[in-house]
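Q: Can you read through this structure? Questions will come right after.
The values are calculated or read from the model by the stated rules, or taken from the named source; none is laboratory data. Computed from a prediction, not measured in an experiment: that's the story for all the values here. Glycine also receives a Cβ, built like all others from the backbone with ideal geometry; neighbour counts cover every protein chain displayed. The area values use the complete protein model at the heavy-atom level, side chains included, leaving out ligands, DNA and RNA. Shrake-Rupley method; radii C 1.70, N 1.55, O 1.52, S 1.80 Å.
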Amino acid sequence: VNQVDVSASQILVTQSDFTDSAHLRNLKYAIDRLLTLGIVPIINENDAVSANQGYTEANVFSDNDSLAALCARSFDAEVLLLLTDVKGVYD
C-alpha cells in the first residue's frame, strides 16, 4: 500500500460566506493561498453556527452536493467530482 503525503485544511462555511461580498472575497483568498501552498482545502458547512436545517431561505445551499457545486462555481474549479451512496444513482 502506497501512502501519499498530503496536507489538508478544513474550512467551515455558512450562508453568509457566499452572500456577503467581503466574506466571499476573503474565502476565495484563503482557498487560493492554500492551493498555492499545496494544501488541499476540505470545505464543510459550519453546523455549530449555521441556521441551515436542510434548506435555506436564500437557496444558497441546502446539502453537501449543493455546497460542493457552489464552491466549484465560486472558486472557478475546473472539475467537480461528487462521490455518493445515494439510492438511485447506481440503478
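Q: Exactly one condition in (1) modelled with pLDDT under 90; (2) open to solvent by less than 60 Å² (accessible area, probe 1.4 Å); (3) under 14 Å from the mean Cα position of the chain (by Cα) is not met by ASN52; state its number.
A: (3)
Q: Taking region 5-43 as the region of interest, how many residues are assigned to a strand (DSSP E or B) and surrounded by 12 or more Cβ atoms within 10 Å (Cβ to Cβ)? Reasoning before the result, please.
A: Filtering region 5-43 for residues assigned to a strand (DSSP E or B) gives 7-13, 39-43.
So of that shortlist, the ones also surrounded by 12 or more Cβ atoms within 10 Å (Cβ to Cβ) come out as 9, 11-13, 39, 41, 43.
Summing the residues that are assigned to a strand (DSSP E or B) and surrounded by 12 or more Cβ atoms within 10 Å (Cβ to Cβ) in region 5-43 gives 7.
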